[in-house]
1. Take the Cα atoms of region 154-205, build their convex hull, and give its volume per residue in Å³.
2. Arrange the peptides 107-115, 49-57, 141-149, 66-74 so that the one whose residues have, on average, the most other Cβ atoms within 10 Å appears first.
3. Taking the Cβ of GLU97 as the center, what net charge do the other residues with Cβ under 11 Å away carry, scoring Lys and Arg +1 and Asp and Glu -1?
4. Taking the C-alpha atoms of region 65-211, how large are the radius of gyration and the largest Cα-Cα span, Dmax, in Å?
5. Packing-wise, with mean Cβ within 10 Å as the measure, how do 161-170, 188-197 rank, highest first?
6. Could you derive backbone 3J(HN,Hα) for region 72-82 from the dihedral phi with the Karplus parameters 6.51, -1.76 and 1.60 (θ = phi - 60°), listing whole Hz in sequence and x where the residue is Gly or Pro?
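What follows is calculated from the coordinates using simple rules that are stated; it is not laboratory data. Remember, it's a predicted structure, so these values are computed and weren't measured experimentally. Here the Cβ positions follow ideal geometry from the backbone for every residue, glycine too, while neighbour counts run over all protein chains shown.
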Amino acid sequence: MSESITGLEGGGLFPRLQERYGLNSDPLAMEAPFYPGAQRQHALETLRHLCGFGDMALVLTGARGAGKTRLLGELVRSEGARLEFLRLQSGRLDSPETLVRALYQGIGRDRPEGLSAREALHAFMLLSEEATGKGRRQVLLLDDADQASENTLGFLLDSFLDSNRSTSAVPVFAGGPDLPGQLGLDDDLRGGAAHRINLPDFDQDDIRQYL
């Protein structure tokens with residue numbers, strides 16, 4: 001006969017989890033605690049380094065529920081004093097023009113008039129290079145990037161690759177395993193112009209350690 005740990009008797013779920021797994025605090029009361037196992041800490045350190053000093057676009061992939069959003073949140077929490085993060089709502093990026101307007105809004109500026117979307121994005125990249133020169137590199141976070149149009153994703157990636165990549169705003173695309181294809185990246189990631197970080201699925205040991 002199996003014993004349920006979800007009933008209300010004896011105080012509810014947490015006392016049973018505490019008894020069974022020896023927990024010190026209630027995981028359900030925490031605000032999405034970061035789990036460093038299953039290569040998550042390594043992925044975080046890679047993001048930290050390449051966002052600050054790299055010259056490649058970053059592509060974070062993993063299955064649904066793999067912790068991509070939580071990893072990006074930990075990146076912002078730990079590096080917010082050193083880097084300037086601009087979060088873009090991927091689902092609203094249905095054209096290069098909406099991307100350009102979102103970028104300028106993110107830095108509190110009006111979109112330059114009289115410029116095409118490509119010219120305006122190039123101007124944005126130049127501004128981001130100036131910010132890096134002042135000690136504040138910008139990072140463009142596109143969580144659920146596969147919800148944006150492929151045309152818009154390619155537009156941003158191409159603009160970054162045409163910029164001074166060591167100082168311009170670095171894009172971080174996060175999405176499912178098929179995201180590199182949506183970005184138009186081949187097997188060698190355009191000769192190393194992009195770096196992919198793939199989060200493996202959690203196994204039973206990972207789940208036990210997390211709890």
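1. On the way: hull volume 5.6 nm³, N = 52.
Once divided by residue count, the hull of region 154-205 is 107 Å³.
2. Working: 107-115: 10.3, 49-57: 16.6, 141-149: 20.8, 66-74: 19.2.
The most tightly packed comes first, giving 141-149, 66-74, 49-57, 107-115.
3. Values: positive: ARG101, ARG111, ARG118; negative: ASP94.
For residues surrounding GLU97, the net value is +2.
4. So, for region 65-211, Rg and Dmax equal 16.1, 57 Å respectively.
5. Numbers: 161-170: 18.6, 188-197: 14.4.
The densest-packed peptide leads the list: 161-170, 188-197.
6. 5, x, 5, 4, 5, 4, 7, 10, x, 7, 9
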